[in-house]
Structure formats: C-alpha cells, structure tokens
Amino acid sequence: VAIVGRPNVGKSTLFNRLVGRRMALVHDRPGVTRDRKEATATLFGLDFLLIDTAGLYETTDDGIEARMRDQTMLAVGQADLVLFLMDARAGLTPLDRHFAELVRRSGVPVVAVANKCEGGAGLPGLHEAYGLGFGDPVPLSAEHGGGFGELHEAMVAVLGSGGETEEVEALEEADDEEGDAKPDRPLSLAIV
Ligand code: GDP
C-alpha cells in the first residue's frame, strides 16, 4: 500500500499512525533512503506493507524533486493499492489534480483520502475530493484519529479482508465513537 500526495497533506502522519510501534521495523534501502520509507502496518487486523512516498512535486528539470517524483511513481507501480491523500482544509489544488491524473494512468486501484477532516472545517474540501475521480473519498483525521473505520472498509473493498480477526467490528465501532471525522451539517449544494 503506497501513500501518495503533494507535500504537507499528512502522508507521514498517516504512515506513523498506521505503523505505530512497528516504526522500529522501518529500514533504509540504499539509494532510495531519502525518498522512501516502508514498514509493516496494521489496521483493525488487516496487515500490509506500507510505503510512505517522498511526495509529488511538479517540476520540469531533473533535480532532486524530479527524482522524488520518479521514486513515488515507482512505488505506485509496485503497489496493490494507493492511498491518495489530499488536504481537506486546503481544498483541492491544481497540483492534487495533476498528480491524480499521473496516478490514474498507472492503473493501480486508488482510495482517495480527504485528510484533516476533524471538526467539520474540511467539509467543503471533502466534497471537492470527489473531483479527483477516485470514487467516494474517505474523510480522515490522521492526526486526531478519526475515520479509520471507513478507511479500513475502503481498503478491504480493494484488498480483501486477509487474516482479519473477529474483533474488527468492535474495534471499528470504538474508533467511530472516538473520533467520527464526518461532520453532520447538511450538504450545501450550489447549482451554477
Ligand atoms: P506530508 O508532507 O504529506 O508527509 O505531511 P505531514 O505528515 O508532515 O503533515 C503536514 C502537516 O499537517 C503537519 O503539520 C501535521 O501536523 C498536519 N496534519 C497531518 N494530519 C493532520 C490532520 O488530520 N489534521 C490536521 N489539522 N493537521 C494534520
């Protein structure tokens, strides 16, 4: 599973939360140490290898940023699932759209994740995330721990349930009670 998105959307925060104490297993690979972090991660009994990519930068030269983008696309090509993160508080940016297009061309299944959704400030951004074209975005708060039940559901829909335990449902319920990232205000709809 590869976490992808423009800089500052919360990729590392999500990586650390999913990897948890297993962070100790993170290892460096010669040549790609600055670009790629990977470790085993678990979410409600679903175990997977998680890759935190360096992020996507728009650049035309062949400097460090182009190398980071190339490494990111390499990780995408090797993944069974891409978690495409956007910052719901910042809204969808042209850079998000640009990189969504790159990732889409890889043909790898994608779950769109609208991060920073805690407290309702991300609601407009969550709606914009539909514009990525990856289906229903998952509202998440990587930092404050909300929305992980929905993330798990979306991941299982692509990956299958693997070796999950029966405690999963109880854990999901607990997670949703703890920090439901979905704001409960009515949908504001504009016809333009
Ligand atoms: P990356 O560059 O995509 O890896 O992003 P980081 O994980 O470094 O996070 C960028 C910033 O966003 C940091 O200041 C985080 O504390 C903040 N951040 C990450 N997740 C959340 C979240 O769920 N809610 C809010 N409000 N901030 C977050």
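Values in this text are rule-based calculations from the coordinates and carry no lab data. Quantities reported herein were computed from a predicted structural model and do not represent experimental measurements. No Cβ is skipped: glycine too gets one built from the backbone with ideal geometry, and neighbour counts run over all protein chains shown.
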For ASP70 and SER188 in one chain, what is 0.36 nm times their gap in residues minus the Cα-Cα distance, to one decimal in nm? 38.6 nm
With 0.36 nm assigned to each residue of separation and the Cα-Cα distance removed, THR93 to VAL158 gains 20.8 nm
Taking SER161, SER188 and counting other C-beta atoms within 10 Å, the order from fewest to most: SER188, SER161
